[in-house]
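Peer 1: Let me begin by handing over the structure; questions about it come next.
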Amino acid sequence: MSQPLLQLHGLSASQRDGRKLGRPVLKDVSLHLDKGETLCVVGRSGAGKSLTALAVMGLMPPRDMAITGGAIRLQGEDLLNANPKRLRQLRGPRMAMVFQEPMTALNPLMTIGRQIEETLAGHGVTARRERAIEMLKRVGLSGAARFHAAFPHELSGGQRQRAMIAMALILKPLLLIADEPTTALDVLTQKQILGLLRELTAEAGTAIVYITHDMGVVADIADRVAVMHHGRILETGAAADVLAHPQCAVTRALIAAGTDISVKPQNKNLSGEPVLTVEGLVKTYEAGKSLRRNGETIGAVRGISLSLRSGRTLGIIGETGSGKTTIARSIMRLTDPDSGTIHVGGTELTALSGLRLKPYRKKVQIVFQDPYRSLNPRRTIGQSISEGPCNYGLCRKTARERAQRLLTLVGLTEDVIDLYPHQFSGGERQRIALARALALEPLALIADEPVSALDMATQATVLQLLRDIQEKTGVAIMLITHDLRVAAQMCDDIALLRAGRIVESGSAAQLFSAPQTAYARALLNALPGRPAKHDNKRRASG
Amino acid sequence: MSPRNALHMLSIRSWYRPMSLPRGMTAASVSAAAVLAAIAALAFFAPFIAPHDPTFVAPTVRLQSADQTYLLGTDSFGRDLLSRLIYGGQVSLLIGLGTAVLATAAGMLLGLTAGYFRAADSLIMRAMDAMMAIPSILLAIAIVSLWGASLQSVLFAVAISETPRVARLARSLTLTARSELYVEAAQTLGTSPFQILWRHVIPNALGPLIVLGTYICASAIILESILSFLGTGIDPQIPTWGNIIAEGRMYIEIKPSLVLWPSLFLTVTVWALHILGDTTRDRLDPKALTRKMADQ
Amino acid sequence: MTGFVMRRIMMVFPVMGFVALFVFLLLHLGPGDPAAIIAGDHATPEKLAEIRAAHNLDQPIPWQFMTWIAHVLHGDLGTSLLSGLPVTTLIASRLEPTLVLAFLTLAFSTAVALPLGALAACKRDGIIDKLATGYCVLGTSVPFFVVAYFLVLVFAIELRLLPVQGYPDAADGFGNLLLHLVLPVATLSVPVIALVTRTVKTALLDVLSEDHVRTARAKGISEASVIVFHGLRNAALPIVTVLGNIFALLIGGVVVTESIFNLPGIGRLTVDAVLARDYPIVQGIILLAGAAHVLLNLAVDLLYLKFDPRVRYQ
């Protein structure tokens, strides 16, 4: 082979502010890619993966970023010095890109068909409608004519990503850059999309640069891997080599976070008394008030019963829209359930409201998913933590002392008490939110996706903290997550949720070793980076 | 919360996405503030600064050009133009500030109520829609002409016309704040609705409302000047920039400075307020706020 | 979707009800006797009694409101106190100059502001953007009458290119009429152009920073197509929403401009009626302006429904 398809040589880039150059974001990045090869670029968020991709496409935001050195060659042609017209000619037939968030990456006011045809029109291709429909069929959108006339919001996340892929591959490019195309999707859909990408690119001999933070995905699809960290390439090599013999700590951490399923050891505390019991909980949303998919209301709960015991952790697992958060919000009475009962320490709560509910609110507390939005930016963390105790009549001084104690408990220091939330990282804020919840000394703690907004390394420490706190205080934890790996590490009991119903429940050990239902097996199989035990042939669209 | 505290809160930029302003913008905001301070000082100390009595009629010196006694010349009654301009600022600033305070207070009350207590929402907001539907200039001249021309009625008329804008912004900020996770968190901590309003909603809505207050101050000054100009405003005996222009327009061919000088004062004041509002808004949150303000 | 449309249309009624109530209360809640306000400064007690009887002012206020509403619904806005003519006739006879003025202003302003705003957004921080931004702040800061007299001074008095004022009959020469309208239209356009330019620029910048524009660029289509089909087309809806603001701005402008340039339109009628204390005319004009504004907002919302598939879907 005379020359690689794509070659990056010493690429460097910096942030810019007007004419001033700021922090460097890419440092001496060198990569190469051969025809038909799949290269995974792995790293944490902020490592410079997406920027590298945008630089190749010539789509770096020119106001905010500037390339300061190096070269990018596609089939030997210098892309950095190509004029805009030439770059436009290359985008589409030679190189194409699939973006992470398929909702915002598609024009909301234009039909899917027109958006695909636009690519064809821009490169002077005729018979556009036929070709667009043909392509929609090939990405597995059955009933292609219907999808051709649909608007993006009428599609599910997986369907949108299929449409994006159709758009990118319609001109059979030599190079496809996929920027975390499945991160916003659930595991089952992720698996289908990965299969689709592999199939279509193999047919046309398209090379892929696949950007991800998930080593499981790497194990599934990559020929070669490049690990990025702080704008630098740390190591690169054949996928099998890197996965088996990682050279640096960052890679090892990514592998540990991405491919291990470690099940929590047996909890000795079997006889914990039930502190929170939910029976027959139903909450549906009026049509039109929430997104609908296939006629089903997303996020509805249709008859859930569960019970939480002190000292134990119950995992509520389910995909986006399966109703997990609705359960949490109903228990916290942030929304009123349609029917069903919620007992906390023997008292039925759904009939209470206002002042009569107040004494029971403190017994169940919640930690929300997004640590950036759950703390009031204008109140010091001391004020935030002591807000609850003050509401229940504790004097300010005592509440402040309790806040200081809690800060040490969650692994921060007492002297940060007068700082504001923006002075903390995401992981630290989640610790503060946890301290705020614990300040009321609750019997039960609901953790709604507590780590999904955090990067892998931080996730591990926050989860460890949750386990420590349970050991010290004996609080019952309801852990809501979509991530089976998190659930496996944390939970004693599991309730698997699908479309508002519990499809399987029982001890965590059993669910992970011998799942009873087909759905549970499919979920476990779809986890990237695991050798498939039961091959799943089902290929639903979306 | 005292206004000083509120301003102090505005100056702490770090809650928001840090953003470095283009250099010209800060220079503009500083100069705008300086201009406003100068005009305010002129108006406040008018009795000490103005070289003549602004209402002293001297028929012998009608329409004088600028000289050492009359720095900007005299009007058709022989009154000193500069003194009238200095005193004229009093009315404009009084109406501007008064309206900003009154309309912001009333609008906040209505908007917070509508946004937080759903039962009141549609009633209040339909009434506000109706008030917005009546063009403010028509509403203001109607009120002043029917209720008699006095400083109070002009102030009331202008404040009434500006209130719905505040109410709408306050409501939408309240609704945004209500859906914030930290408000839900406060609910789960047992915080009562009024405490939530006071601790979480109002402080976060204050910044944008102060920005809107600046714009309202500007548009109130324009509205007052239009009323004065049309002869439907405050008693023409009291000099205002609007009625100085109205009186001067008869002589525009002979002595255009009678129109140009008050126009300059008026425009520069309003311009300075707009610049101040724009820069403060860009500081608070460049993008989201622009959109919200544009809806008003 | 039809449910949504119906609900939106039904919302017009309470809003219009409130508009009517406010207009009615203007006269009745103010300090002072409505009859005295109507009668003017030097009214005899007999005259006051006569007015009270004629205007039902001796009835309870809710009853007065009901009667008034009933008349309004029958198209009767009362009669002018000065001329004795029906208010509707008076307003109808003054509509033409105002509509001509408003139409020409809108056409001219859009023609200037759309490309200006688009250019400013595409070449951000370029020379055009900086000039446009400066103009927008200045244009919204200058009161109408200041613009008017500035233009009069330069073009009518110094350069003697254009007539100072007046509204000649179109029959006497269309060109002459247009010549008389140049300064009024220019006056109104200065702030309207500023408002529209700023809106176009902000809306377009917003859209251009969205992810789907990057996708469009990644497809290799021309930059012009990206700006027109993905930028301006998507920005059109937020731009349309300021129509209501433009309407309010125009009303204010018309009142001032018609007085200055002596055009026999609605604005002139308003000012004359206010100065003569002819309150039925004032009431009628406010009511009609409010109704027009409400209907305009309805139209904008329905446009949204028609052109934004996301709203239609719900």
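The values are calculated or read from the model by the stated rules, or taken from the named source; none is laboratory data. From a predicted model like this one, the values you see are computed outputs, not experimental measurements. Here the Cβ is made from the backbone with ideal geometry for all residues, glycine too, and neighbour counts use every protein chain on show. Only protein heavy atoms, including side chains, enter the accessible area calculation; ligands, DNA and RNA are left aside. Shrake-Rupley method; radii C 1.70, N 1.55, O 1.52, S 1.80 Å.
Peer 1: Restricting segment C:296-314 to residues that are facing another protein chain (nearest Cβ under 7 Å) and open to solvent by less than 20 Å² (accessible area, probe 1.4 Å), which is nearest to C:ARG233 (Cα to Cα)? Don't jump to the end; show me each part of the working.
Peer 2: We begin by selecting, within segment C:296-314, every residue facing another protein chain (nearest Cβ under 7 Å); these are C:308-310, C:313-314.
Still in the list and also open to solvent by less than 20 Å² (accessible area, probe 1.4 Å): C:308-309.
On the way: C:ASP308: 11, C:PRO309: 13 Å.
The qualifying residue nearest to C:ARG233 (Cα to Cα) is C:ASP308.
Peer 1: OK, next. Filter segment C:204-215 for residues that are small (Gly, Ala, Ser) and within 7 Å of another protein chain (Cβ to nearest Cβ) and give the result.
Peer 2: Filtering segment C:204-215 for residues small (Gly, Ala, Ser) gives C:209.
Passing the criteria: none in range.
Peer 1: Additional query: In segment A:112-120, is there at least one residue being within 7 Å of chain C (Cβ to nearest Cβ), surrounded by 17 or more Cβ atoms within 10 Å (Cβ to Cβ) and free of Cβ contacts under 8 Å to residues at least 24 places away in the same chain? Give the steps one after another, and end with the answer.
Peer 2: Residues of segment A:112-120 within 7 Å of chain C (Cβ to nearest Cβ): A:118-119.
From what's left, surrounded by 17 or more Cβ atoms within 10 Å (Cβ to Cβ): A:118-119.
Cutting the leftovers down to free of Cβ contacts under 8 Å to residues at least 24 places away in the same chain gives us A:118.
Checked against the condition, which is being within 7 Å of chain C (Cβ to nearest Cβ), surrounded by 17 or more Cβ atoms within 10 Å (Cβ to Cβ) and free of Cβ contacts under 8 Å to residues at least 24 places away in the same chain, segment A:112-120 yields at least one hit.
Peer 1: For a quick check of your reading: which strands (runs of 3 or more DSSP E) sit entirely within segment A:420-524 and have at least 2 residues that are of a type in the set (D, E, K, R)? Let's see the steps before the verdict.
Peer 2: Working: elements: A:444-448, A:476-481, A:493-498, A:501-507.
It comes to A:493-498, A:501-507.
Peer 1: Related question: Test each condition in (1) under 27 Å from the mean Cα position of the chain (by Cα); (2) surrounded by fewer than 16 Cβ atoms within 10 Å (Cβ to Cβ) for A:LEU155 and report the one that comes out false.
Peer 2: It is condition (2) that A:LEU155 fails.
Peer 1: Tally up the residues in segment A:189-228 that are within 26 Å of A:HIS482 (Cβ to Cβ), of a type in the set (Gly, Ala, Ser) and at pLDDT below 90, please.
Peer 2: 2
Peer 1: Considering segment C:111-121 alone, what residues qualify as being in contact (Cβ under 8 Å) with a residue 12 or more places away in the chain and open to solvent by 60 Å² or more (accessible area, probe 1.4 Å)? Spell out the reasoning first.
Peer 2: Quick first cut of segment C:111-121, residues in contact (Cβ under 8 Å) with a residue 12 or more places away in the chain only: C:112-114, C:116-121.
Answer for segment C:111-121, where residues must be in contact (Cβ under 8 Å) with a residue 12 or more places away in the chain and open to solvent by 60 Å² or more (accessible area, probe 1.4 Å): C:LEU114, C:LEU119.
Peer 1: Name the pairs: first residue in segment B:169-190 and at the interface with chain A (Cβ under 7 Å from one of its Cβ atoms), second residue β-branched (Val, Ile, Thr) and buried (at least 24 other Cβ atoms within 10 Å of the Cβ), Cβ to Cβ under 7 Å, at least 6 apart or on different chains?
Peer 2: Qualifying pairs under 7 Å: B:THR188/A:ILE366.
Peer 1: Take the residues of segment B:120-135 that are more than 7 Å from every other protein chain (Cβ to nearest Cβ) and within 22 Å of the chain's Cα centre (by Cα): which is most open to solvent (accessible area, probe 1.4 Å)?
Peer 2: Let us first name the residues in segment B:120-135 that are more than 7 Å from every other protein chain (Cβ to nearest Cβ), namely B:120-125, B:128, B:132.
Filter again for within 22 Å of the chain's Cα centre (by Cα), leaving B:128, B:132.
Values: B:MET128: 12, B:MET132: 50 Å².
Filtering segment B:120-135 for residues that are more than 7 Å from every other protein chain (Cβ to nearest Cβ) and within 22 Å of the chain's Cα centre (by Cα), the one most open to solvent (accessible area, probe 1.4 Å) comes out as B:MET132.
Peer 1: Any residue at all in segment C:137-146 that's open to solvent by 30 Å² or more (accessible area, probe 1.4 Å), part of a helix (DSSP H, G or I) and closer than 30 Å to B:ILE245 by Cα? Even if it seems obvious, please write down each step before you answer.
Peer 2: Pass one, segment C:137-146, residues open to solvent by 30 Å² or more (accessible area, probe 1.4 Å): C:138, C:140.
The next check asks that each one be part of a helix (DSSP H, G or I); those that pass are C:138, C:140.
From what's left, closer than 30 Å to B:ILE245 by Cα: C:138, C:140.
Yes, segment C:137-146 has at least one match.
Peer 1: Let me ask something else about it. Criterion first (surrounded by fewer than 21 Cβ atoms within 10 Å (Cβ to Cβ), free of Cβ contacts under 8 Å to residues at least 12 places away in the same chain and more than 9 Å from every other protein chain (Cβ to nearest Cβ)) does C:ALA224 satisfy it? Let's see the steps before the verdict.
Peer 2: Numbers: surrounded by fewer than 21 Cβ atoms within 10 Å (Cβ to Cβ): yes; free of Cβ contacts under 8 Å to residues at least 12 places away in the same chain: yes; more than 9 Å from every other protein chain (Cβ to nearest Cβ): yes.
It is true that C:ALA224 is surrounded by fewer than 21 Cβ atoms within 10 Å (Cβ to Cβ), free of Cβ contacts under 8 Å to residues at least 12 places away in the same chain and more than 9 Å from every other protein chain (Cβ to nearest Cβ).
Peer 1: Going by the conditions given, is C:THR98 of a type outside the set (A, V, I, L, M), within 14 Å of chain B (Cβ to nearest Cβ) and closer than 25 Å to C:GLY244 by Cα? Explain how you work it out, then say what you get.
Peer 2: Details: of a type outside the set (A, V, I, L, M): yes; within 14 Å of chain B (Cβ to nearest Cβ): yes; closer than 25 Å to C:GLY244 by Cα: yes.
Yes; evaluated as a whole, the condition is true for this residue.
Per-residue answers, yes or no, for (1) open to solvent by less than 10 Å² (accessible area, probe 1.4 Å); (2) away from chain A (no Cβ under 13 Å):
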site	(1), (2)
C:LEU178	no, yes
C:LEU181	yes, yes
C:VAL185	no, yes
C:ALA194	yes, yes
C:THR202	no, yes
C:PHE229	no, no
C:LEU232	no, no
C:ILE239	no, yes
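Peer 1: Among the numbered criteria (1) within 10 Å of another protein chain (Cβ to nearest Cβ); (2) outside any helix (DSSP H, G or I), which one does C:PRO264 miss?
Peer 2: With (1) within 10 Å of another protein chain (Cβ to nearest Cβ); (2) outside any helix (DSSP H, G or I) applied to C:PRO264, the lone miss is (1).
Peer 1: Pull up segment A:129-147, narrow it to residues that are open to solvent by 20 Å² or more (accessible area, probe 1.4 Å) and free of Cβ contacts under 8 Å to residues at least 12 places away in the same chain, then point me to the one that is nearest to A:ALA163 (Cα to Cα).
Peer 2: A:LYS137
Residues checked against (1) under 21 Å from A:ALA476 (Cα atoms); (2) of a type in the set (Val, Ile, Thr):
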residue: A:GLY354; (1), (2): no, no
residue: A:TYR372; (1), (2): no, no
residue: A:PRO377; (1), (2): no, no
residue: A:GLN383; (1), (2): no, no
residue: A:VAL410; (1), (2): yes, yes
residue: A:ASP415; (1), (2): no, no
residue: A:GLN430; (1), (2): yes, no
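Table: residues versus (1) farther than 23 Å from B:ALA106 by Cα; (2) open to solvent by 20 Å² or more (accessible area, probe 1.4 Å); (3) in contact (Cβ under 8 Å) with a residue 12 or more places away in the chain.
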residue	(1), (2), (3)
B:TRP198	no, yes, no
B:LEU212	no, no, yes
B:CYS217	no, no, yes
B:GLU224	no, no, yes
B:SER228	yes, no, yes
B:TRP241	yes, no, yes
B:GLY248	yes, no, yes
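Peer 1: Continuing with the same structure: Quick one: count up the residues across segment C:274-295 that are within 9 Å of chain B (Cβ to nearest Cβ) and in contact (Cβ under 8 Å) with a residue 40 or more places away in the chain. Spell out the reasoning first.
Peer 2: Filtering segment C:274-295 down to residues within 9 Å of chain B (Cβ to nearest Cβ) leaves C:274-275, C:277, C:279, C:282-283, C:285-287, C:289-294.
Next, from what is left, pick out any that are in contact (Cβ under 8 Å) with a residue 40 or more places away in the chain: C:277, C:279, C:283, C:285-287, C:290-294.
Count: 11.
Peer 1: Restricting attention to segment C:51-61, does a residue exist that is away from chain B (no Cβ under 12 Å), touching a Phe, Trp or Tyr at 6+ places or on another chain (Cβ under 7 Å) and within 27 Å of B:ALA133 (Cα to Cα)?
Peer 2: Here is the first cut: in segment C:51-61, the ones away from chain B (no Cβ under 12 Å) are C:51-61.
Filter once more, keeping what is touching a Phe, Trp or Tyr at 6+ places or on another chain (Cβ under 7 Å): none.
No, segment C:51-61 has no match at all.
Peer 1: Let me ask something additional. For segment C:1-35, what are the residues that are of a type in the set (Gly, Ala, Ser) and modelled with pLDDT under 85?
Peer 2: C:GLY3, C:GLY30, C:GLY32, C:ALA35, listed by residue number.
Peer 1: Filter segment C:155-169 down to the residues that are part of a helix (DSSP H, G or I) and open to solvent by 50 Å² or more (accessible area, probe 1.4 Å), then identify the one that is farthest from the other protein chains (Cβ to nearest Cβ).
Peer 2: Going residue by residue through segment C:155-169, those that are part of a helix (DSSP H, G or I) are C:155-158.
From the residues that got through so far, the ones that are open to solvent by 50 Å² or more (accessible area, probe 1.4 Å) too are C:155, C:158.
Numbers: C:PHE155: 13, C:GLU158: 9 Å.
Once the filter is applied, the top-ranked residue is C:PHE155.
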